[in-house]
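The next block holds one structure in the form of structure tokens; read it before the comments.
The values are calculated or read from the model by the stated rules, or taken from the named source; none is laboratory data. Values in this document were obtained by computation on a predicted structure and should not be read as measured data. Ideal geometry is used to build each Cβ from the backbone, glycine not excepted, and the neighbour counts take in all protein chains shown.
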Amino acid sequence: MKDREQENPWTTLGRRTVYENPWIRVIEDQVLNPRGGPGIYGVVQFRNRAVGVIPVDEEGYTWLVGQWRYTLNRYEWEIPEGGAPEGESLEAAARRELLEEVGLHTGRLEILLSGVQTSNSVTDEEGYLFVATDLTFHGAEPEPTEQLMVRRLPLDEAFAMAENGEIRDALSIAGLLRLKLARLQMKASGDSV
């Protein structure tokens, strides 16, 4: 028998697509809410999986990408990130985004976090975060829709930006703070960082 917390209290009566484009689909469900009342629930479905990558070089530096975020109408700093379309592996997408946005090839890519829910009250999007090391520079190749500023900085400075609100992007914050925690755990256990 399932625990009560694992039972779905929602009843879906009907579903329709109200909008779609090459990147997203907006679904509107007719529902009965947990108390049995009628209502609607909107869900944004992303066609790509979110992928972010934190490059770290031998000197303990990383790279952030700055760009104007249209949806927020402001400039934001974040880790290199983008989408993995169906048919492209998460690792390949992380490598591609790192090259496109920062101009770096990585010899080593490790998963840091998987299945990060970016805004689970309105979207089914999940994010995957990687750490890239063994880096070589080859020159950035941004997409035509991207006007990017690239900033190389000490990793500890990026951690501080995630902690003090200078970085507001959910994937960037999750990845940077998880990496900081992993480094602290390694240091406490006596492993090299």
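Data table
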| item | result |
| --- | --- |
| Flag for Leu32 being in the same structural domain as Asn8 (by TED's automatic domain parsing), touching a Ser or Thr at 6+ places or on another chain (Cβ under 8 Å) and not polar (S, T, N, Q) | yes |
| Residue list for the range 3-17, restricted to those being surrounded by 10 or more Cβ atoms within 10 Å (Cβ to Cβ) and in contact (Cβ under 8 Å) with a residue 12 or more places away in the chain | Pro9, Trp10, Thr11, Thr12, Leu13, Arg15 |
| Among residues of the range 1-58, those that are under 30 Å from His138 (Cβ atoms) and assigned to a strand (DSSP E or B), counted | 8 |
| Whichever residue in the range 87-130 is β-branched (Val, Ile, Thr) and buried (at least 18 other Cβ atoms within 10 Å of the Cβ) and, among such residues, is farthest from the chain's Cα centre (by Cα) | Thr106 |
| Any hit, the range 40-57, residues being within 19 Å of the chain's Cα centre (by Cα) and of a type in the set (Asp, Glu) | no |
| The range 61-110: number of residues that are aromatic (Phe, Trp, Tyr) and either without any contact (Cβ under 8 Å) to a residue 60 or more places away in the chain or outside the structural domain of Ala140 (by TED's automatic domain parsing) (or both) | 2 |
| Unmet requirement for Thr145, which otherwise passes all of (1) at pLDDT 95 or above; (2) exposed (fewer than 13 other Cβ atoms within 10 Å of the Cβ) | (1) |
| Matching residues in the range 157-180 - criterion: being in a helix (DSSP H, G or I) and under 14 Å from Leu129 (Cα atoms) | Ala170, Leu171, Ser172, Ile173, Ala174, Gly175, Leu176, Leu177, Arg178, Leu179, Lys180 |
| Filtered residues of the range 150-168 (kept if of a type in the set (A, V, I, L, M) and at pLDDT 95 or above) | Leu153, Leu155, Ala158, Ala160, Met161, Ala162, Ile167 |
| Count of residues meeting criterion [in a helix (DSSP H, G or I) and either surrounded by fewer than 17 Cβ atoms within 10 Å (Cβ to Cβ) or at pLDDT 95 or above (or both)] in the range 181-192 | 8 |
